[in-house]
Amino acid sequence: MRLRGLTVQRDGLSILSDINADIPRGGCTVLVGPNGAGKSTLLLCLIGEMPHEGRVTFPASGHTAPRMAYVPQHVQLDAGLPLTVLEFLALGQQRRPLWLGIAASVRAQALNQLDAVQAAHLARRRMGDLSGGEQRRVLLAAALARRPRLLLLDEPAAGVDAGGERLFWEVLDAARREQDFTLIMVSHNLSLTAHYATQVLCLKGCLLRSGTPHTALTAPTLRALFGVPIHLYPEQCEEPDETCAQCGAHCHSTDTTACGPSAPQPPRSGSLA
């Protein structure tokens, strides 16, 4: 996927400004940034649900949009919803009414989908009885059932505890490698992003930096994003400065990572989604 000059304005306010980025095919691209940085808006632009200026193209598929699946940040399910997890997944797989039963082939496919996200034990549970983390795994199974070439997730592990979030990332990474789809997701977990992402886009209204986690999630960039000293890599502590003598988050860098023509640009080579 190639983004060129992507700009979004709403009610006279700039939400995203001149976003230029290349999304590599088959990788895991994570959008990071503070609340209100435009991350969710960017996902909506990519699925065609948000008016914008600029271009979103797909050079690798002859400029035809690939099959996509999208899981939003907030999904409201009625707590009294009588559907079981199996019935919920069957809704997207069979045409006959559920009250006539679930076809054997559909049931087997749904169980395989749940097994892929380590949620087979939830098959007979009611959707309304699931915890937030369990619900998100079921929604991921439903998204993967579409066999997408491009999967977009908006904070898929929000509200899940640390162990559950790590498991969610592991399941997602295994599914991406096995099914060979391109993943674009929003996350606030910097350490898991550093571990699992193949590319990071740092957003704060504009694109501050992009690249591999090690090159994008630098201390100066993270301070520009969040306004506080943050470091993820040990070498960033070698030269403490007067602002943060304990962790050396600035490292005496002259990089201001400001928006505008001087901002680092994404790589333009390689295979795109």
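The values are calculated or read from the model by the stated rules, or taken from the named source; none is laboratory data. Computed from a predicted structure; not experimentally measured. Here Cβ is always computed from backbone atoms with ideal geometry, including for glycine, and neighbour counts include all displayed protein chains. Ligands, DNA and RNA are stripped out before the accessible areas are found, and what is left, the full protein with its side chains, is counted by its heavy atoms. Shrake-Rupley method; radii C 1.70, N 1.55, O 1.52, S 1.80 Å.
Label positions at Asn35 and Gln9, each projected 7 Å from the Cα along the C-beta direction, are separated by 2.7 nm. Taking all protein chains as they are arranged and a probe of 1.4 Å, the heavy atoms of Thr212 leave approximately 70 Å² accessible to solvent. For His52, His214, His74, the ranking by accessible surface with the largest value first comes to His74, His214, His52, using a 1.4 Å probe.
For Arg67 and Thr212, a Förster radius of 25 Å and the Cβ-Cβ distance give a FRET efficiency of 0.40, rounded to the nearest 0.05. Solvent exposure of Asp18, expressed as accessible area, is near 90 Å², computed with a probe of 1.4 Å over the protein chains only.
Other residues with beta-carbon under 10 Å from the beta-carbon of His188 carry, at +1 per Lys or Arg and -1 per Asp or Glu, a net charge of 0. A simple spin-label model places pseudo-atoms 7 Å from Cα toward Cβ; at Arg96 and Ala174 they are separated by 3.3 nm.
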